[in-house]
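The values are calculated or read from the model by the stated rules, or taken from the named source; none is laboratory data. Note that the coordinates shown come from a computational prediction; the quantities given were computed from them, not determined experimentally. In this analysis, Cβ positions are derived from the backbone assuming ideal geometry, glycine residues included, and neighbour counts consider all displayed protein chains. Surface accessibility is based on the protein's heavy atoms, side chains included, excluding ligands, DNA and RNA. Shrake-Rupley method; radii C 1.70, N 1.55, O 1.52, S 1.80 Å.
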Protein chains: 6
Amino acid sequence: MEPEEEGEKETLLLLETNIDDMNPEIYSYVFEKFLEEGARDVYLTPIMMKKNRPGTKLSVLADKTLEENMKKMIFLETSTLGIRITEIHREALTREFVKRETPFGMITFKEGYYQGTRVTFTPEYEDCRRVAKEQGLSLRRVYEVLSKID
Amino acid sequence: MEPEEEGEKETLLLLETNIDDMNPEIYSYVFEKFLEEGARDVYLTPIMMKKNRPGTKLSVLADKTLEENMKKMIFLETSTLGIRITEIHREALTREFVKRETPFGMITFKEGYYQGTRVTFTPEYEDCRRVAKEQGLSLRRVYEVLSKID
Amino acid sequence: MEPEEEGEKETLLLLETNIDDMNPEIYSYVFEKFLEEGARDVYLTPIMMKKNRPGTKLSVLADKTLEENMKKMIFLETSTLGIRITEIHREALTREFVKRETPFGMITFKEGYYQGTRVTFTPEYEDCRRVAKEQGLSLRRVYEVLSKID
Amino acid sequence: MEPEEEGEKETLLLLETNIDDMNPEIYSYVFEKFLEEGARDVYLTPIMMKKNRPGTKLSVLADKTLEENMKKMIFLETSTLGIRITEIHREALTREFVKRETPFGMITFKEGYYQGTRVTFTPEYEDCRRVAKEQGLSLRRVYEVLSKID
Amino acid sequence: MEPEEEGEKETLLLLETNIDDMNPEIYSYVFEKFLEEGARDVYLTPIMMKKNRPGTKLSVLADKTLEENMKKMIFLETSTLGIRITEIHREALTREFVKRETPFGMITFKEGYYQGTRVTFTPEYEDCRRVAKEQGLSLRRVYEVLSKID
Amino acid sequence: MEPEEEGEKETLLLLETNIDDMNPEIYSYVFEKFLEEGARDVYLTPIMMKKNRPGTKLSVLADKTLEENMKKMIFLETSTLGIRITEIHREALTREFVKRETPFGMITFKEGYYQGTRVTFTPEYEDCRRVAKEQGLSLRRVYEVLSKID
């Protein structure tokens with residue numbers, strides 16, 4: 001399959017909320033559940049809030065069609081009282097997954113194209129992790145060997 | 001009082017500035033003063049700036065009617081040279097404050113309703129702090145006892 | 001089983017290293033592997049290093065008997081050139097795992113005793129997560145219900 | 001009063017614990033209570049723990065005579081299961097508090113001496129804060145004016 | 001030269017991307033190169049991503065005319081797969097650079113004016129650094145002496 | 001030159017101080033000056049201090065013979081009132097610098113040996129940076145090409 005010449009452009013929603021009164025164990029589940037439900041990305045930023053409280057900013061990036069579901073999950077799964085919502089313009093490399101024969105067998109690589117030129121080429125983490133465990137190698141060594149592959 | 005069925009939707013301003021040349025003692029006062037003057041929220045994020053400087057991003061969330069006052073305070077109280085301003089759409093749970101009889105006497109709880117269903121119910125921090133001090137209990141124990149109240 | 005009256009006192013090793021030249025995907029694997037190999041705790045701290053590099057301090061807490069294995073893993077799995085090692089005195093609550101009948105069936109709770117008095121009593125995360133998934137509840141709601149159990 | 005020629009040298013305890021399952025509102029109270037009970041310093045570091053949990057490392061610096069009280073407070077006021085304790089050698093500037101007549105009236109300054117030479121000279125935060133409020137000046141302006149005082 | 005009465009208002013682009021698979025040495029170069037190419041500001045925020053990965057959010061603030069160049073540099077210099085772009089309204093103090101005779105010779109100061117009143121007045125870092133090195137003073141002492149200048 | 005079979009073991013000092021009242025521009029100079037004066041490493045950790053102040057923990061790792069000089073520099077160059085000093089046991093890979101012919105000409109690589117086996121092999125940042133600038137390549141591309149070299 002030919003990668004497209006042009007990168008993807010799309011409009012997404014960034015939903016953010018500052019949390020300073022929730023058991024942090026719950027973030028474990030938030031990562032898992034929100035990604036399962038289709039969030040494009042979920043990340044946390046350590047912040048400092050009033051009254052000397054260490055807070056966490058939860059950021060969820062999602063398609064606009066998922067707005068209601070994402071808001072509902074944030075309201076039900078976290079202790080937040082309010083969500084800030086902004087529209088974000090996003091531009092992405094054109095991506096392609098390819099397989100390559102390597103000293104560890106077939107491995108999937110992710111390629112990223114910028115205006116038709118490949119600018120990223122990286123083996124999939126899960127494949128590398130599996131090889132490291134099966135072959136008793138360090139994960140770093142696996143990446144090192146795979147960096148010789150084009 | 002009946003909680004409203006629909007959560008609040010409003011448009012707020014997020015004013016942000018990166019600061020890398022100010023005595024951090026001043027943030028103490030910034031939290032206090034900005035909240036007194038009506039800011040909805042004030043928070044700090046540790047960032048890393050050019051020339052190996054640890055910086056602080058100051059974020060102030062405020063009603064649009066307070067825009068001029070908030071900008072003035074940021075320019076006068078901090079060492080910033082520029083403020084970034086974005087409009088933020090915010091959706092909040094419908095909130096209600098209720099009192100409950102508890103083993104520690106009357107305590108105020110904050111309820112949050114999502115589409116008519118109560119999804120958060122938390123005792124007020126200042127009440128809990130007062131009880132902990134008066135009764136010589138740990139604050140954690142006070143929260144634990146109050147978690148049994150509905 | 002009776003909890004012991006006295007908390008545990010022990011001497012552990014804290015192994016730390018600052019890393020500023022490693023693909024962060026590898027930390028995923030480091031958490032998993034080091035805990036499997038017996039580390040008591042693994043955690044990361046964001047730091048700021050020379051040349052404007054965002055670094056990560058890796059901290060591994062382990063029994064002294066595991067010193068050689070832990071050092072070897074740090075040298076092989078990460079890009080570090082040097083490890084800082086300090087002896088740490090650690091005191092812990094006496095812990096006990098107990099089961100309780102709850103509205104969600106049998107759930108394991110972890111109790112912590114300080115000088116014979118129970119000071120912590122918390123449901124196990126993995127049990128709560130399972131209940132949330134099986135019953136379609138928010139994890140926060142599961143914790144809320146279980147906070148009524150003694 | 002003459003400042004002593006030599007700075008203070010002393011041995012203190014650093015008590016640390018990683019917390020990933022506590023309502024962050026409680027840290028507010030921890031700062032207040034621990035300092036009241038004689039801790040020399042209390043500070044928090046954002047860390048990243050296993051299972052994708054944002055944690056907080058609580059650090060308490062205290063005299064060795066307060067060891068039992070500090071450990072008890074950490075076990076009762078926080079959700080920790082274990083505390084790491086290390087002896088720390090600390091060297092401090094010789095400090096002296098002096099008063100100066102300023103455009104804002106009498107203000108207290110803290111002086112720090114290194115081997116007999118004054119190396120720090122800073123107005124007390126609480127005095128500056130009071131002046132700012134009374135005179136309707138920015139706190140930054142108050143510090144600016146006081147920086148002209150010797 | 002007279003400072004303008006009104007501060008500058010302009011619309012800039014904020015380009016952001018979360019990075020969790022790049023050698024952090026590369027950020028050194030990113031700061032240097034992006035500022036050379038005209039970015040107004042470049043800063044990094046430590047974040048926590050899925051799979052227990054410590055990530056870094058790269059933020060680049062730039063004029064709209066530089067949009068294509070900045071996107072190209074982010075795609076080529078970093079391992080990102082996607083960039084989030086938002087328009088930012090920015091208001092800045094009117095700035096002026098002035099020279100003053102000081103105990104260290106001529107030094108450049110940056111003044112910031114808010115509605116015609118000078119609210120910031122700070123010596124340039126590079127001048128102070130040069131003086132500290134040439135005269136064998138601490139940089140802090142240099143700033144202290146220069147704080148007496150108006 | 002043969003790498004030594006055994007890694008280096010040494011005892012160093014870790015000097016740390018929490019700073020919450022200093023202009024962050026000064027850290028730029030602290031990195032530069034302390035490394036020039038022989039510190040092994042200098043790094044900063046964002047922390048949260050009492051009174052809602054964002055602080056910075058400065059950490060300096062140095063040979064014991066430099067203790068007095070390092071303490072003096074911390075007292076003179078920063079606003080600290082006290083320094084915490086701990087002895088640290090450090091173990092390092094045996095390192096060797098080697099040159100290799102590459103598509104970009106001769107490049108220096110740093111090798112790290114663990115018990116006689118090479119476990120790290122990385123091109124020097126400054127060489128890579130020079131190549132990127134001279135050849136108009138992205139730094140990431142330079143690292144990618146050099147990862148094929150053994």
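Annotation: the protein assembly as shown has a Kirkwood hydrodynamic radius of 29.2 angstrom, from the mean reciprocal C-alpha pair distance. How much of the pair distance distribution for chain A lies past 24 Å, counting alpha-carbon pairs only, in percent? Of all Cα-Cα distances in chain A, 53 percent exceed 24 Å.
Here's how it looks for residue C:52: its modeled amide H is under 5 Å from those of B:52, which are all 5 or more places away or on a different chain.
Candidate cross-link partners of residue D:51 among the lysines, defined by an alpha-carbon separation under 22 Å and a same-chain spacing of 8 or more, comprise A:33, A:57, A:133, C:33, C:57, C:110, C:133, E:50, E:51, E:57.
As an exercise, use a Förster radius of 51 Å and the Cβ-Cβ distance of residue B:68 and residue C:134 to find the FRET efficiency, rounded to the nearest 0.05. According to the calculation, E is roughly 0.45.
The residues of chain A have, on average, 40 Å² of accessible surface per residue, using a 1.4 Å probe with all protein chains present. Interface area, chains F and D: about 2100 Å² of buried accessible surface, summed, with a 1.4 Å probe and ligands, DNA and RNA left out.
Note that the range A:67-150 shows a convex hull volume over its alpha carbon atoms of 167 Å³ per residue. The apolar share of the surface of the range B:94-146, taken as the fraction of accessible area on carbon and sulfur atoms (1.4 Å probe, ligands and nucleic acids excluded), comes to 47 percent. For residue A:106 and residue A:148, what does the FRET efficiency come to when R0 = 22 Å and r is the distance between their Cβ atoms, rounded to the nearest 0.05? After rounding to 0.05, the efficiency reads 0.90. Which parts of the range C:105-150, residue by residue, lose 30 Å² or more of accessible area when the rest of the protein chains are there, as against the chain isolated (1.4 Å probe)? Relative to the lone chain, where solvent access is computed with a 1.4 Å probe, the range C:105-150 loses at least 30 Å² at C:114, C:119, C:120, C:125, C:129, C:133, C:138, C:139, C:140, C:143, C:147, C:148.
Of all residues in chain A, the one whose Cβ lies closest to the rotation axis carrying A onto C, together with that distance in whole Å, is A:46, 4.
Distance between the 7 Å Cα→Cβ label points at residue F:117 and residue B:96: 6.6 nm. Seen from a random direction on average, the alpha-carbon convex hull of the range F:105-150 projects onto 3.3 square nanometres.
Entry note, chain A: the mean residue ellipticity at 222 nm calculated from DSSP H runs of n ≥ 4, each adding -39500 (n - 2.57), is -8500 deg cm²/dmol after division by the residues and rounding to the nearest 500. Distances, shortest first, from the label point of residue A:117 to those at the same position in the other copies read 3.9, 5.3, 5.3, 5.5, 6.9 nm; the point lies 7 Å along Cα to C-beta. With a 1.4 Å probe rolled over the protein heavy atoms of all chains, the accessible area of A:68, D:111 falls in the order A:68, D:111, largest first. Between the amide H of residue E:47 and those of E:55, E:56, E:57, distances stay under 5 Å, these residues lying 5 or more places away or on another chain, with hydrogens modeled in the peptide plane.
Its Kirkwood hydrodynamic radius, worked out from the mean inverse distance over all distinct Cα pairs, puts the range A:8-91 at 13.2 Å.
This model, with +1 at the C-beta of Lys and Arg and -1 at the C-beta of Asp and Glu, gives the protein assembly as shown a dipole about its Cα centre of some 0 debye. Which one of F:17, F:76, F:66 has its Cα pushed farthest toward the positive end of the charge dipole of the range F:8-91, where Lys and Arg give +1 and Asp and Glu give -1 at the Cβ? Of the listed residues, the answer is F:17. Computed in the context of the full set of protein chains, the accessible area of the range C:8-91 at 1.4 Å probe radius has 46% of its extent on carbon or sulfur.
Between this copy and the others, label points of residue F:135 are 2.7, 4.7, 6.2, 6.2, 7.1 nm apart in ascending order, each placed 7 angstrom from Cα in the Cβ direction.
Cross-link partners for residue D:148 among the aspartates and glutamates, with Cα-Cα distance under 17 Å and sequence neighbours closer than 8 places in the same chain left out: D:101, D:111, D:124, D:127, E:101, E:144, E:150.
First measure r as the distance between the Cβ atoms of residue D:87 and residue F:9, then evaluate 1/(1 + (r/R0)^6) with R0 = 25 Å and state the FRET efficiency to the nearest 0.05. In this case the efficiency is close to 0.70. For the range B:58-70, 3J(HN,Hα) computed residue by residue from phi via the Karplus equation (6.51, -1.76, 1.60; θ = phi - 60°) reads 8, 10, 10, 10, 8, 4, 5, 5, 9, 3, 5, 5, 5 Hz, glycine and proline entered as x. Derived scalar couplings between HN and Hα for the range C:112-117 equal x, 10, 10, 6, x, 9 Hz in order, rounded to whole Hz, by the Karplus curve 6.51 cos²θ - 1.76 cosθ + 1.60 (θ = phi - 60°), x for Gly and Pro.
The 3J(HN,Hα) values that the Karplus relation (6.51, -1.76, 1.60; θ = phi - 60°) gives for the range C:37-46 are, in residue order, 7, x, 4, 6, 7, 9, 8, 10, 10, x Hz. Gly and Pro appear as x. For residue B:64, the label point sits 7 Å beyond Cα toward Cβ; its separations from the matching points on the remaining copies run 2.0, 2.0, 6.4, 6.7, 6.7 nm, from shortest to longest.
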